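Contents: one structure, followed by commentary.
The values are calculated or read from the model by the stated rules, or taken from the named source; none is laboratory data. Just so we're clear, the structure is a prediction, and the values are computed from it rather than from any experiment. Cβ coordinates were reconstructed from backbone atoms using ideal geometry, including for glycine residues, and neighbour counts include every protein chain displayed. When the accessible area is computed, the model is the full protein with side chains, heavy atoms only, and any ligands, DNA or RNA have been set aside. Shrake-Rupley method; radii C 1.70, N 1.55, O 1.52, S 1.80 Å.
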Amino acid sequence: MDIKERARARVDEIGALPVYRDRHLTLLTDLYQLTMMYGHFRAGRHETRVVFDLFYRKNPCGNGYVIAAGLEQVAWYLHNLRFSEDDLAYLQSLGMFSDDFLSYLRHFRFRGDVYAVPEGTVVFPNEPLLRVEGPIAEVQLIESAVLAFINHQSLIATKARRIVEAARTNVRHPGSTVIEMGLRRSQNADAAIFGARAAFIGGCVATSNVLAAQAYNIPAAGTQAHSWIQSFPSEYEAFQAYRAAFPDNTVLLVDTYDVLRSGVPNAIRVGLEMKAAGQSLRAIRIDSGDLAYLSKRARQMLNDAGLAEVQIIASSDLDEYTIRDLLTQGAEIDAWGVGTRLITSEDCPSLGCVYKLVAQQFGDQMEPRIKISENPNKITNPGKKKVLRLYVNGSATADLIALDEEMYDPSEPLELFHPIHTYKRKVVQNYEVEELLQPVFVGGELVYELPTVQEIQARVETQLSAFSSEVRRHLNPHEYHVDLSKPLWDLKQRLLHEWRR
């Protein structure tokens, strides 16, 4: 099969998953997308070709970067974008649209070009994560849905990565892992399912969400709740019953009554019985209280009982800040179950991607467009662009946003300068170039074979390994260089001066 056939086969395979199957999201849009479409149609300009960029302006959570995610959902959505008869009947009932426009929608298909950074790519403010080109009516319609998909999953993947990086600072337990456990605290089903997917991309090793685990082949994790313990005459009997049900994966929740006077002693009793029977107690879980103090005491009690191999799992409103603080206090924790603050990205609940017109066809020419604002941060970078990542000796040294037609010879020195403080300059030599935007749709046809979440997670690891620890650190990260090429900078300045005149 060629790439198009493989791409179609893969998206059809994804479309059969329970998270996509029988779903229809064409009307998942803001009404003004449809009113603008109609206005273009009435004016006879709905086929005018345009280019839009999707990007964000500020890293979330105080982070130094974002992990791009959500492209699979975008590809599935565009591949299946059709107006059903029910959709058309509803739009007709609004009394806003003419019959000839509704007839146009009946035959609607996405025919545009989409270039995107692959999921799992490390990205930075103002870089196009998607570049969409096509008839203005089509490119306008998809804005709201595409933003929703990219904003949500990129945010959760980035938040998950911060939590995973915090857990990896555990010098006592260098294999420390994070399990996503946020289903019950998520903002409804889609946020839970795609949030679990994004969390896995960010580095979580498992999810408690069974539907997400099934759909994406993510390891499922979970044991028992406090109600399980309470439902038995005694804590010990509850532990025994769970051991009988799951002898090869016995994890016991020890904080239902009293961690140190009841939970851990009963777990030790069961653990020793299992050891005598040739089995192994896998772990205990602490879900409340002073996790640093309790984990250290529990570790000592387990070790003294000859159960040093039993792991300690912690949960209870964790995030990267509490995990780092607990580790500073010497907490003896092997794995972390993180829920609310991950799945909702509690401290930074939005990413803020925007979707802006950057070029429009006039006659035979695609001319650059710029949005000007009193807020300098909201002035857009005009024109059809690409993003180049420059590597020196295998390390990412800078990103360059350039006009699509620009060419660079890595054997020639390249001077980079800050797009605002232009006196800040540096020269890179003997560099390698990675072009971040890759073709996903060409002429409305899918040409990109979507990877698995396991492949995307691996890409995150590879990507981050190319960046310095200063860029990756949580507190006051180093600002990675994202510069404009000289031709793009000149174009932007020219358009600004023309507007002032």
When the solvent-accessible surface of protein heavy atoms is calculated with a 1.4 angstrom probe, in what order do MET301, MET407 fall, highest first? MET407, MET301
Using a simple charge model, +1 on the beta-carbon of Lys and Arg, -1 on the beta-carbon of Asp and Glu, nothing else, what dipole does the range 294-346 show about its Cα centre, in debye to the nearest 20? 140
Once both labels are modelled 7 Å past Cα along the beta-carbon direction, what's the SER373-ASP409 spacing in nm? 4.0
Does anyone have the angle between helix 31-42 and the longest principal axis of the chain? Alpha-carbon axes, 0 to 90°, nearest 10? 20
Using DSSP, restrict attention to beta bridges with both residues in the chain and report what percent are antiparallel, rounded to the nearest 5. 70
Taking a 1.4 Å probe, which of VAL205, VAL482 shows the most accessible area, and what order do the others take after it? VAL205, VAL482
Cβ-based net charge around ARG494, under 15 Å, with every Lys or Arg adding one and every Asp or Glu removing one: +2
What is the sum of charges around LEU129, taking Lys and Arg as +1, Asp and Glu as -1, for the other residues whose C-beta is under 11 Å from the C-beta of LEU129? -2
Please work through the chain and write down the cysteines that have no neighbouring cysteine Cβ at a distance under 4.7 Å. CYS204, CYS353
If one takes the longest principal axis of the Cα atoms in the chain, at what angle in degrees, from 0 to 90 and to the nearest 10, does the Cα axis of helix 189-202 lie? 80
When the chain is fully extended, how far beyond the present Cα-Cα distance does ALA277 get from GLN429, taking 0.36 nm per residue of separation? 48.2 nm
Which order do ASP364, ASP255 take by accessible area at a 1.4 Å probe, largest first? ASP364, ASP255
Net charge of neighbours whose Cβ lies under 15 Å from the Cβ of VAL251, counting Lys and Arg as +1 and Asp and Glu as -1: -3
Computed lengthening from TYR321 to ARG8, 0.36 nm per intervening residue step minus Cα-Cα distance: 108.4 nm
On the accessible surface of the chain, probed at 1.4 Å with all protein chains in place, carbon and sulfur together account for a percent value of 49
For the range 428-501 and the range 53-85, write down the distance between their C-alpha centroids in whole Å. 15
Subtract the Cα-Cα distance of SER468 and TRP228 from 0.36 nm times their separation in residues, and report this length gain in nm to one decimal. 81.8 nm
Taking 112-125, 162-175 and ranking on average Cβ neighbours within 10 Å, highest first, one gets 112-125, 162-175
